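Here's the structure, in structure tokens; my notes come after.
The values are calculated or read from the model by the stated rules, or taken from the named source; none is laboratory data. Bear in mind the structure is a predicted one, so any value in this text is a computation, not a measurement. Here Cβ is always computed from backbone atoms with ideal geometry, including for glycine, and neighbour counts include all displayed protein chains. Remember, those area values only see protein heavy atoms, side chains included, never the ligands or the DNA or RNA. Shrake-Rupley method; radii C 1.70, N 1.55, O 1.52, S 1.80 Å.
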Amino acid sequence: MASQTSDPARCRVVVTGWGMVTPLGLDLASSWAALRAGRSGIGPITQIEAGDLPVQIAGEVKGFEPGRYLTHKVARRTDSYARYALVAAREALEHAKLTIDQDHAHRVGVLVGSGYGPMKAIAEHVRDLDAKGPRAVSPLAAVTGAIDSASGEISLATGAMGPSRASSSACASGTDAIGEAARWIRTGVSDVVIAGGADDIITRVDLASSGNAKALTTRGGDPTEASRPFDEDRAGFVMAAGSGMAVLESEEHALARGARILAEVVGYAATSDAYHWTAPHPEGTAVRRAIRGALADAGLTPEDVDHVNAHGTGTQLNDKTELAALRAEFGERIEQIPVSSTKSMTGHMIGAAGAVEAIISGLVINDGVVPPTINCHRPIDPSVNFVAHTAQPHQVDVVMSNSFGFGGHNAVLLLRRWRP
């Protein structure tokens, strides 16, 4: 085992709470149960008219009634992505048993990653303007239609008075938010950060655009079989919505208040391809640097990693490139550990994906069960354990969680079982 961190003297960052809203469930427990059972949250689109769109399936958040979770005032002014983030953040805070009071509110930050932000709210404001004129546009459109609206709502709701902001790096947004939040804590900016990601771009514009870009699968038949990461018959990703939020703390702060520590964030790195807007670099050079950088940040080697929660979108290029990068950096080790893609069940939640997958990584460490890659009938590399179809028990101490986004954004997180 390599040294505990690249700098043994640096502040350790731990996770003390987590929450999520996904196509699989409206909280962490139901989402995790579905993941362990290998159930898919993908189905026909019901929230918008989709008959003329390139695709008619998505991973919608189902049964979410804003009035059950939010006041009428907050529900009325917020986009769905911000609602999901706020609900997930509240669950995370409750799980962490953290009360933010005036004595330390200024040491609590909020960082929410989102690829697109409040797209539904923006569309609604434009429709109001076009149909009814300027006086019909909400005076709050300028703030609730902004990408920092989720972090602002969380700050207002919880009283967090430290830095509060948005982070946007396409599909890597949630991973970057958690990684950068860990840096805030390590550098002394905050003692606690509520961090994660959220997105809901199941809209006519975004589905039309992504469909026209040939990024989305148009596979017919059972929608639950449409997302096929690392399968020879993969044909694109499935758009989805949701949020994952975690409470990160310095080890000192968490121990001082007697918190239960769920995992430690030990490594993070981000790079850019500088190659193409939608296609990954064919040689995966920047992806490989992100993997190496995260390992170096953690003071670990590939031999220390017990599981990879892959980006695994189910597109032809991503899965091929990601697997090649993992094989190049891990060597034969990649054939000895489970590599799975939970997007096979959730679909691709864009800015929420990396945050939810980082939380799933922590759950794997705690429960000793790796969720499956469903629909992986013909794996692109039979020598790799993609955890096809059914969850597998594994003793896991270190998990690598990968996120790669349009525009060449790459982000890698490493979570480890916490040991005092």
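May I ask you to derive the relative contact order of segment 65-197, considering only C-alpha pairs under 8 Å and at least 6 residues apart, and to give it as an integer percent? Spell out each step's value before the answer.
Numbers: 199 pairs, mean separation 46.1, N = 133.
Value for segment 65-197: 35 percent.
Restricting the count to DSSP beta bridges whose residues both fall in the chain, what percent are antiparallel, rounded to a multiple of 5? Please list the in-between numbers first.
On the way: 41 of 62 bridges.
Rounded to the nearest five, the antiparallel share is 65 percent.
Determine the relative contact order of the chain: mean sequence separation of Cα pairs under 8 Å and six or more apart, normalised by residue count, in whole percent.
24
Of all alpha-carbon pairs in segment 198-348, indicate the percentage at a distance above 21 angstrom. Before the final figure, lay out the partial values.
On the way: 6323 of 11325 pairs.
Distances greater than 21 Å cover 56 percent of the Cα pairs.
In whole Hz, what ³J(HN,Hα) sequence does segment 135-145 give by Karplus (6.51, -1.76, 1.60; θ = phi - 60°), x for Gly and Pro?
Listing the rounded values in order: 5, 7, 6, 4, x, 8, 4, 5, 9, 6, x Hz.
Enter the mean projected area of the convex hull around the alpha-carbon atoms of segment 13-257, in nm², rounded to one decimal.
Details: hull surface 58.4 nm².
The orientation-averaged projected area of the Cα hull of segment 13-257 comes to 14.6 nm².
For segment 4-127, what is the convex hull (Cα atoms) projected area averaged across all directions, in square nanometres?
Numbers: hull surface 48.9 nm².
For segment 4-127, averaging the hull's shadow over all directions gives 12.2 nm².
Over the chain, average the accessible area per residue using a 1.4 Å probe and give it in Å², no decimals.
Working: 16000 Å² over 420 residues.
In whole numbers, the chain has 38 Å² accessible per residue.
For the chain, modelled as a GNM with alpha-carbon contacts under 10 angstrom, which of Val112, Val189, Val15 fluctuates the most?
Highest fluctuation among the options: Val189.
Per DSSP H run of at least 4 residues, take -39500 (n - 2.57); add these up for the chain, divide by its residues and hand me the 222 nm value, nearest 500 deg cm²/dmol.
So the helix-based figure for the chain works out to -10000 deg cm²/dmol.
With N set to the number of residues, divide the alpha-carbon radius of gyration of segment 268-416 by 2.2 N^0.38 Å and report two decimals.
Details: Rg = 13.8 Å, N = 149, 2.2 N^0.38 = 14.7 Å.
Compared with the compact-globule rule of thumb, segment 268-416 sits at 0.94.
Compute, for the chain, the length of the dipole vector about the Cα centre, with Cβ point charges of +1 (Lys, Arg) and -1 (Asp, Glu) only. Units Debye, rounded to 20.
Details: 38 positive and 46 negative charges, 122 e Å.
I would put it at about 580 debye.
Amide H to amide H under 5 Å from Ala388: which residues, 5+ apart in sequence or cross-chain, H placed 1.01 Å off N in plane?
Thr373
Which listed residue (Gly362, Val265, Ala246) has the Cα farthest towards the positive end of the charge dipole for the chain, taking +1 on Lys and Arg C-beta and -1 on Asp and Glu C-beta about the Cα centre?
Ala246
Nearest 20 debye, what's the magnitude of the dipole of segment 268-416 about its Cα centre given +1 on Lys and Arg Cβ and -1 on Asp and Glu Cβ?
Numbers: 9 positive and 15 negative charges, 60 e Å.
My answer is approximately 280 debye.
Build a GNM of the chain with springs between Cα atoms under 10 Å: which of Gly314, Gly351, Gly159 gets the top mean-square fluctuation?
Per the Cα network of the chain with a 10 Å cutoff, Gly159 tops the list.
How much of the accessible area of the chain, probe 1.4 Å, is carbon plus sulfur, in whole percent? Before the final figure, lay out each step's value.
Values: 8280 of 16000 Å².
With neighbouring chains kept in place, the figure for the chain is 52 percent.
When the Karplus curve 6.51 cos²θ - 1.76 cosθ + 1.60 is applied with θ = phi - 60°, which whole-Hz ³J(HN,Hα) does each residue of segment 409-419 get, with x for Gly and Pro?
7, 10, 9, 9, 10, 10, 10, 9, 4, 7, 10
Using modelled backbone amide H atoms (1.01 Å from N, in-plane), which distant-in-sequence or interchain residues come within less than 5 Å of Val369's amide H?
His394
Which of Lys120, Lys214, Lys320 moves most in a GNM of the chain, Cα contacts under 10 Å?
Lys214
What is the diffusion coefficient of the chain in µm²/s, taking the Kirkwood radius over Cα pairs and the Stokes-Einstein relation at 10 °C with a viscosity of 1.306 mPa s?
Values: Rh = 21.0 Å.
In µm²/s, the coefficient is 76.
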